[in-house]
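The values are calculated or read from the model by the stated rules, or taken from the named source; none is laboratory data. Not measured: the values here are computed from a predicted model. Cβ: placed from backbone, ideal geometry, glycine included. Neighbour counts: every protein chain shown. With ligands, DNA and RNA removed, areas are computed over all heavy atoms of the protein, side chains included. Shrake-Rupley method; radii C 1.70, N 1.55, O 1.52, S 1.80 Å.
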Amino acid sequence: MDIIPLGPGFAAELRGVTLADVANDDAVYAAVRAAFEDHSVLLFRGQQISGEGQLAFSRRFGPPETTKVGSLGTGTHFVILTTIGDDGKVVPEDHRYALRNKANQLWHTDSSFKAVPALTSVLSARTIPDNGGETEFASTRLAFERLDPALQNKLEGSFAWHHYGHSRAKIAPGLATPEELEALPPRCWRLVWRNPVNRRGALYIASHTYAIEGMEKAEGLALIDELTAAATAPGTTYEHKWKPGDVIMWDNRATMHRGRPWPGDEARYMVRTTISATAADGLESLRPPKLQAAE
Ligand code: OGA
Ligand code: MN
């Protein structure tokens with residue numbers, strides 16, 4: 001297996017390894033897992049992609065999420081991100097599918113609004129538009145390490161609130177349905193997620209983050225905006241231009257990502273599997289102390 005760096009200090013392509021190798025071979029999994037801890041974003045090119053194969057690969061890393069209510073693929077282990085409607089035609093730009101893609105174009109990490117946050121997401125490209133539609137990644141680990149030590153210290157002792165309704169309201173009123181809001185109450189997590197393997201800390205923020213515990217609402221939002229801008233500053237990101245056969249996995253503990261726009265009349269179809277974080281991934285240290293005591 002060869003590791004070819006892709007981005008500024010993070011993200012790498014793995015060559016000489018297939019999704020099936022990872023699914024079937026403990027030693028290959030161990031090598032890929034180590035690369036995942038180091039590089040945060042891993043690209044596999046030229047893969048023979050199937051839902052089953054993607055899921056078998058993903059399961060190596062932990063328990064797969066069951067897709068939430070309101071997402072395409074609900075009740076399965078797959079999230080479908082598409083602009084193709086039931087009639088096979090590309091949906092209009094105000095269609096729920098198109099608006100969901102638009103929400104994904106805000107910098108975020110997946111599932112920070114869930115009861116159990118995600119360790120990793122695995123995304124495969126099935127239909128790629130001719131123009132645009134890239135996925136861009138930022139390292140919140142490198143962003144954290146760029147901050148001055150006093151601020152790092154303060155953030156590591158801080159907790160932030162995440163809510164699905166907050167990010168969706170930025171796109172369109174009513175994009176989050178009452179059913180989704182009911183299923184997804186606000187969650188509070190530590191602002192820094194420390195990787196238990198290499199001990200490196202990363203900012204844990206997303207488009208879903210709407211408040212910082214103990215701070216005025218506006219002050220908290222301003223800090224979240226400031227940290228997001230610093231984490232995603234020009235020159236610090238890796239933008240991936242999708243090709244057929246590409247699969248990318250990312251570490252939701254140490255990165256943010258966003259989709260990039262593409263012409264509204266071009267189809268795009270992507271399939272995601274998402275793996276929940278476990279205690280081994282440092283999940284327990286993310287919980288606010290009060291909740292930790294109660295559970
Ligand atoms: C995702 C996501 C962005 C994209 O799959 O979680 O945010 O480019 N995707 O589709
Ligand atoms: Mn996402």
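The single condition from (1) more than 16 Å from ligand 1 (Cβ to nearest atom); (2) of a type outside the set (A, V, I, L, M); (3) assigned to a loop (DSSP other than H, G, I, E, B) that GLU179 fails is (3).
For the range 94-168, list the helices (runs of 4 or more DSSP H) that sit wholly inside it and hold at least 2 residues that are away from ligand 2 (no atom under 16 Å from the Cβ); which are they?
So the answer is 140-146, 149-156.
Taking the range 191-202 as the range and being open to solvent by 60 Å² or more (accessible area, probe 1.4 Å) and assigned to a strand (DSSP E or B) as the test, only ARG194 passes. In the range 92-109, the residue that is surrounded by the most Cβ atoms within 10 Å (Cβ to Cβ) out of those that are charged (D, E, K, R) and more than 12 Å from ligand 1 (Cβ to nearest atom) is ARG96. Applying a threshold of 7 Å to beta carbon distances and a minimum spacing of six or more residues, or different chains, the list of pairs starting in the range 213-232 at a residue that is of a type in the set (Ser, Thr, Tyr) and ending at one that is in a loop (DSSP other than H, G, I, E, B) reads THR228/TRP107; THR228/ILE205; THR232/TRP107. When LYS68, LYS89 are screened for being surrounded by 13 or more Cβ atoms within 10 Å (Cβ to Cβ) and out of contact with any strand residue (DSSP E or B) (no Cβ under 8 Å at 6 or more places or on another chain), only LYS68 passes. For the range 239-280, a tally of residues being out of contact with any helix residue (DSSP H, G or I) (no Cβ under 9 Å at 6 or more places or on another chain), β-branched (Val, Ile, Thr) and part of a strand (DSSP E or B) returns 1.
Only residues that are open to solvent by 50 Å² or more (accessible area, probe 1.4 Å), within 18 Å of THR135 (Cα to Cα) and aliphatic (A, V, I, L, M) were counted across the range 1-22, and they come to 1. If only residues of the range 74-93 that are part of a loop (DSSP other than H, G, I, E, B), more than 17 Å from GLU134 (Cβ to Cβ) and in contact (Cβ under 8 Å) with a residue 24 or more places away in the chain are counted, the one that is farthest from the chain's Cα centre (by Cα) is PRO92. Can you tell me which residue within the range 256-288, out of those that are open to solvent by 40 Å² or more (accessible area, probe 1.4 Å) and away from ligand 1 (no atom under 16 Å from the Cβ), is nearest to GLY132 (Cα to Cα)? Among those residues, the one meeting the criterion is ASP265.
Scanning the range 212-245 for residues that are among the small types (Gly, Ala, Ser) and touching a Pro at 6+ places or on another chain (Cβ under 8 Å) turns up just one, GLY235. Pairs are defined by a Cβ separation below 7 Å, a sequence spacing of at least 6 or placement on different chains, a first member in the range 246-270 that is in contact (Cβ under 8 Å) with a residue 24 or more places away in the chain, and a second member that is of a type in the set (Lys, Arg) and within 9 Å of ligand 1 (Cβ to nearest atom); the pairs so defined are TRP262/ARG268.
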